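First comes the structure, then the notes that go with it.
The values are calculated or read from the model by the stated rules, or taken from the named source; none is laboratory data. All values reported here derive from a predicted model rather than from experimental measurement. Backbone-built Cβ (ideal geometry, glycine too); neighbour counts: all protein chains shown. Side chains are part of the model used for accessible areas, which takes the heavy atoms of the whole protein and leaves out ligands, DNA and RNA. Shrake-Rupley method; radii C 1.70, N 1.55, O 1.52, S 1.80 Å.
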Amino acid sequence: MEHLSFLDLFQGIATLVAADPAVMWGRIFLMLLGFLLIYLGAKEVLEPLLMIPMGLGMSAINAGVMFLEGGKAGTLFVDPLMSNPTDLINIMQINWLQPIYTLTFSNGLIACFVFMGIGVLLDVGYVMARPFQSMFIALFAELGTFVVFPVAVWLGMTPREAASVATIGGADGPMVLFTSLVLAKELFVPITVVGYLYLGLTYGGYPYLIKWLVPEHIRGISMATDRGPKISRAQKLIFAVVTCTLLCLLFPVAAPLFFSLFVGVAVRESGIEVFTKLLSETFLYGATFFLGLTLGVLCEASTLLDPVVLKLLLLGMLALLVSALGGLLGGYILYFTSGGKFNPIIGIAGVSCVPTTAKVVQKIATAANPNAIILPQALGASISGVITSAIIAGVLISVLRGT
């Protein structure tokens, strides 16, 4: 006890002092970034359900580094690179989040839980009422995926890695997680973290992009008179069953995601209240909480300071920017072909993130014109964006999985 020093007692500080300067400053930066994400989540600038647990996890993981056996620096949270079965069983008895990561995160199960919950929240009637309009917008809003894939290959990434990072352009977190898990497991952690981090930042950045590119009088166009045909519950259920079966038939490799999404829709339209509550509350909120928490603790400086992460950050930013521009382009095409009756900012809603981007464009439209109503059309585009991004992910996985 007489030889116990200050650094022996406070190992988080000791590992900070002993670390390479880049790792040390990286840990400090990520702790502060975690604080910022919590603040922005609490202010609802970013999605609080994801950003608050993610921000706290990011701060805690970079603060709680200690010396393990052999003097190696590590934590008691999670080891995402553990693959040896014997070592994995041992570490699951030590690292408290390892079972969550291994049994729900690294196999895509948590993405399926999120999709089940999202499916219960989706009213596919918005898509069925305006199928051409919704899918047209959704396809344009996938432009980031198509642009970033060849750019990533040009920058030296393999086609599988390029496809994984390109799916960030679809702005669908579970899809990014699932695609990178199948195609680029070695980049699974940084791609997933980058994808979800940028999805959160998207909510704060897209309103400024809209205001720069769309004049106020156009942003305020109301589409309240475009009610569309009334779609019955039976029609919605048939749509869910047929679409799910068809997509699973065409793209079996992405069948878990298709099934998860449409089983939620089927439960909603069947009126099974107990299952609706289970999926929309317990599954969705539980999975979202542990998704944010696990993503946060994966943001360890030693993992994110890999030089490839900077490339992923830039490609992720480019993918979401180009997808937003593509969505607005599709919106403007419909604006001009409709004689100025279509509000082009609905194009942003096609960048998935259901229902957040739909709410974003409705809020912007209301700011420009308090009587503007575009939420039904925006929800149709947003739901179509989920389906479209799943189809594109299925195509990429099917084509590249054997390469």
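Results, tabulated for the structure shown:
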{"read-out": "Rounded to whole Å, sorted largest first: equivalent-ellipsoid semi-axes of region 49-108, Cα gyration tensor", "value": "20, 18, 8"}
{"read-out": "Region 260-403: translational diffusion in µm²/s, Stokes-Einstein, Kirkwood Rh over Cα pairs, 10 °C, 1.306 mPa s", "value": "88"}
{"read-out": "Cα lying deepest toward the dipole's positive end in the chain, options Ala129, Ala367, Gly12, charges on Cβ", "value": "Ala129"}
{"read-out": "Ellipticity estimate at 222 nm from DSSP helix runs (n ≥ 4, -39,500 (n - 2.57)) divided over the chain, nearest 500", "value": "-21500 deg cm²/dmol"}
{"read-out": "Test item: Cα-centred dipole of the chain, Lys/Arg +1 and Asp/Glu -1 on Cβ, debye", "value": "1420"}
{"read-out": "Relative contact order (%) - region 129-241, alpha-carbon pairs under 8 angstrom, separation at least six", "value": "21"}
{"read-out": "Where N is the number of residues in region 36-189, Cα Rg divided by 2.2 N^0.38 Å", "value": "1.28"}
{"read-out": "Choice from Leu298, Leu109, Leu155 with maximal GNM fluctuation in the chain (Cα, 10 Å cutoff)", "value": "Leu155"}
{"read-out": "Kyte-Doolittle at least -0.5, axis length at least 24 Å by Cα - qualifying DSSP helices, the chain", "value": "21-42, 188-213, 233-250, 307-337, 375-400"}
{"read-out": "Rg to Rh quotient for the chain, alpha carbon positions, Kirkwood Rh", "value": "1.00"}
{"read-out": "Region 144-235: Cα Rg divided by the 2.2 N^0.38 Å rule of thumb", "value": "1.48"}
{"read-out": "Excluding exposed DSSP-loop chymotrypsin sites (Phe, Trp or Tyr not before Pro) (at most 14 other C-beta within 10 Å), longest clean stretch of the chain", "value": "97-403"}
{"read-out": "Dipole-positive endmost among Ile383, Ala254, Leu50 within the chain (Cβ charges, Cα centre)", "value": "Ile383"}
{"read-out": "Computed magnitude of the charge dipole of region 218-353 (debye, nearest 20; Cβ of K, R +1, Cβ of D, E -1)", "value": "540"}
{"read-out": "Approximate spin-label separation Val45-Lys277, in nm, with each point projected 7 Å along Cα-to-Cβ", "value": "3.8"}
{"read-out": "Choice from Ile346, Ile168, Ile100 with maximal GNM fluctuation in the chain (Cα, 10 Å cutoff)", "value": "Ile100"}
{"read-out": "Cβ-derived FRET efficiency at R0 22 Å, Phe289 paired with Met66, nearest 0.05", "value": "0.30"}
{"read-out": "Percent accessible area from carbon and sulfur atoms, region 65-193, protein chains only, probe 1.4 Å", "value": "70"}
{"read-out": "Among the listed pairs Lys43/Lys72; Lys341/Lys363; Lys43/Lys230; Lys43/Lys363; Lys43/Lys236; Lys230/Lys277, those beyond 28 Å (Cα-Cα)", "value": "Lys43/Lys72; Lys43/Lys230; Lys43/Lys236"}
{"read-out": "Which of Glu281, Glu142, Glu161 is most accessible, then next, and so on - probe 1.4 Å", "value": "Glu281, Glu161, Glu142"}
{"read-out": "Efficiency of FRET from Cβ geometry, Thr403 and Ser83, R₀ 25 Å, rounded to 0.05", "value": "0.70"}
{"read-out": "Max mean-square fluctuation residue, GNM over the chain, Cα-Cα springs under 10 Å, options Pro344, Pro376, Pro21", "value": "Pro21"}
{"read-out": "Given charges at Cβ of Lys, Arg, Asp, Glu: the chain dipole, positive-most of Gly296, Leu177, Gly326", "value": "Gly326"}
{"read-out": "Extent along principal axes [Cα atoms of region 208-252; Å; largest to smallest]", "value": "44, 29, 11"}
{"read-out": "Principal axis box of region 242-345, alpha-carbon based, largest edge first, Å", "value": "48, 46, 28"}
{"read-out": "Met24/Trp96 FRET efficiency (R0 22 Å; Cβ-Cβ; nearest 0.05)", "value": "0.30"}
